[in-house]
Amino acid sequence: MTEPAGVVAGPDGRLRCPWGLSAPEYLAYHDEEWGRPVRGDQAIFERLSLEAFQSGLSWLTILRKRENFRKAFAGFDIAAVAAFGPQDVQRLLSDPGIVRNRAKVSAVITNARAALALPAGLSDLVWSYAVAGQAAGAPRTLADVPAQTPAAKRLSADLRKHGFTFTGPVTAYATMQACGLVNDHLADCFARAA
């Protein structure tokens, strides 16, 4: 039986979450983005959309196609995506630079329309579920990092109530992690305090 993965020294000697060292794209994402506070409707919409596309796939696949997603989805401009019609769906399903999954493409368009209808905006809704000072403390190993939490379940339910799709509790929690609502960097990871 293998031990749960704790921090690992990176090429610069700094201790990191082990997943952050498996590919160059992960290193940059881990060090510069993941777990850092992200605000603004467009930025939150992008992360929520990418997390939905990741469902069932490797996050590395999504990171490597991220710029293609941005081009394909008008920079994740919510109003622009909400206006997408059948021709746009066909264009997206023909684009080899993104994940061509009809349900996920449709979900992004549906979610853009739902985001436009939110009275206070997507960022305010998502950030209303921020977890201040995680009760269990900083995770020591990857085994201590949950796939979902009660707050993520509530966020997922709230998003669905407002018409969002492909936003289950796991996707909601991954978005919370990506946008810095929670800090799941391991306790000894240099990025935890950054």
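Could you say whether any residue in region 87-103 is closer than 30 Å to Ala193 by Cα, at pLDDT 95 or above and assigned to a helix (DSSP H, G or I)?
For region 87-103, residues closer than 30 Å to Ala193 by Cα, at pLDDT 95 or above and assigned to a helix (DSSP H, G or I): absent.
Only residues that are under 17 Å from the mean Cα position of the chain (by Cα), surrounded by fewer than 18 Cβ atoms within 10 Å (Cβ to Cβ), of a type outside the set (A, V, I, L, M) and not in a loop (DSSP other than H, G, I, E, B): list them for region 159-194, please.
Result: Arg160, single match.
Restricting region 104-132 to residues that are in a loop (DSSP other than H, G, I, E, B) and not hydroxyl-bearing (Ser, Thr, Tyr), which is nearest to Val38 (Cα to Cα)?
Ala130
Checking the structure you have, find out if any residue of region 128-149 is free of Cβ contacts under 8 Å to residues at least 24 places away in the same chain, within 16 Å of the chain's Cα centre (by Cα) and either surrounded by fewer than 20 Cβ atoms within 10 Å (Cβ to Cβ) or under 26 Å from Ala28 (Cα atoms) (or both).
no
Got a number for residues in region 28-46 being farther than 28 Å from Ile109 by Cβ, of a type outside the set (D, E, K, R) and surrounded by fewer than 17 Cβ atoms within 10 Å (Cβ to Cβ)?
Result for region 28-46: 1.
What number goes with the only condition from (1) at pLDDT below 95; (2) closer than 17 Å to Arg70 by Cβ; (3) small (Gly, Ala, Ser) that Gly133 does not pass?
So the condition that Gly133 fails would be (2).
Where the second residue is part of a helix (DSSP H, G or I) and acidic (Asp, Glu) and the first is at pLDDT below 95 and lies in region 16-35, which pairs have Cβ atoms under 9 Å and are six or more apart or on separate chains?
Here the result reads Gly20/Asp31, each pair linking region 16-35 to a residue that is part of a helix (DSSP H, G or I) and acidic (Asp, Glu).
From the list Ala5, Ala82, Ala74, Ala107, which one is more than 24 Å from Val145 (Cβ to Cβ), aliphatic (A, V, I, L, M) and more than 19 Å from the chain's Cα centre (by Cα)? Can you show your working first?
Values: Ala5 fails: more than 24 Å from Val145 (Cβ to Cβ); Ala74 fails: more than 19 Å from the chain's Cα centre (by Cα); Ala107 fails: more than 19 Å from the chain's Cα centre (by Cα).
Residue meeting the stated conditions: Ala82.
How many residues, within region 54-107, are more than 23 Å from Leu122 (Cα to Cα), in contact (Cβ under 8 Å) with a residue 40 or more places away in the chain and surrounded by 15 or more Cβ atoms within 10 Å (Cβ to Cβ)?
Of the residues in that region, 3 qualify.
Can you confirm whether Arg160 is over 26 Å from Arg102 (Cα atoms) and at pLDDT 95 or above?
No.
Can you pull out every residue in region 45-86 that is assigned to a loop (DSSP other than H, G, I, E, B), at pLDDT 95 or above and closer than 23 Å to Gly168 by Cα?
Phe73, Asp77
Scan region 26-44 for residues that are within 11 Å of the chain's Cα centre (by Cα), assigned to a loop (DSSP other than H, G, I, E, B) and closer than 22 Å to Phe73 by Cβ and jot them down. Let's see the steps before the verdict.
Initially, region 26-44 is screened for residues within 11 Å of the chain's Cα centre (by Cα), giving 33-35, 38, 43-44.
Next, only the ones that are assigned to a loop (DSSP other than H, G, I, E, B) stay: 33-35, 38.
Answer for region 26-44, where residues must be within 11 Å of the chain's Cα centre (by Cα), assigned to a loop (DSSP other than H, G, I, E, B) and closer than 22 Å to Phe73 by Cβ: Glu33, Trp34, Val38.
Of all residues in region 1-25, which are of a type outside the set (A, V, I, L, M, F, W, C) and part of a helix (DSSP H, G or I)?
Pro18, Gly20, Pro24, Glu25
The values are calculated or read from the model by the stated rules, or taken from the named source; none is laboratory data. What you see is a predicted model, and the numbers here were worked out from it, not measured in a lab. A quick note on method: Cβ atoms are made from the backbone with ideal geometry, for glycine too, and the neighbour counts reach across all protein chains shown.
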